[in-house]
Amino acid sequence: VDVATWRKDATCRSGSDCLKDRLGSFRKITTFPFSEMEEQGLREGDSLTFTIRNNEERDLYLYLLNIGPDDGIIVLFPRRRINSDEDARLAHDDTHPIDTRNVGRLVLGAGTETIKIIASQQPIAVTYFSQESYTGTGEIQSTATETRGTLNPFNTLIAAAVGGKSRGRMVFSDPEDGYWGTVQMSVDVPPLKN
């Protein structure tokens, strides 16, 4: 997984280093491997997109989640509106990577942002990661795309979903048990200075 950083730039009009959407125009600042995310000096308001390739010798299903500073969990890929098993599937022999610019981007907030990658030999329903989010007074904050709280048992959940065994760390279980693994990177994002 490679990560691209984008910053708002009204002068960016066209080309592969420009991204335009309903929030304005953005210029690509840098691209780096996911493993180097913590070293990038990201800041509030930066946007991230992801390029995903399968380097394994088997087909995989891939899921990208964001755990934001407010503990909300958002499924970045595959997006709910296009979600199906085939949207998450990465064929081992596909030479065309998935670029999430086509489905959206993550705008970073101030605080700790965590990106979690889950790869599995079998599809996992995105609904496992999606619940209604609640405010402190118990009112529904948003619907079906975020989860509040810090006690999300990802490893147990994934193991149950694909039949593997969780060991509480980045581990690929025996293929007979269901091949899956997870890794995450966290970055502390400073607020913009006025």
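Quick note: the coordinates plus some simple rules give every number you see, no bench work behind them. Keep in mind that this is a model prediction, so the values were computed, not measured. Note that we place each Cβ from the backbone using ideal geometry, even for glycine, and neighbour counts take in every protein chain shown.
For region 7-65, a crude dipole built from +1 on the beta carbon of Lys and Arg and -1 on the beta carbon of Asp and Glu, taken about the Cα centre, is about 480 debye to the nearest 20. Full extension of the segment from E86 to T114, taken as 0.36 nm per residue of separation minus the current Cα-Cα distance, would add 7.6 nm.
Simple spin-label estimate for D99 and D70 gives 3.1 nm between the two label positions (7 Å along the Cα-to-Cβ direction from each Cα).
For the pair A125 and E56, label points projected 7 Å from Cα toward Cβ lie 2.2 nm apart. Between K8 and R27, the contour length at 0.36 nm per residue exceeds the alpha carbon distance by 6.2 nm. Of the chymotrypsin sites (Phe, Trp or Tyr not before Pro) found in region 25-54, not one falls in a DSSP loop while having at most 14 other beta-carbon atoms within 10 Å.
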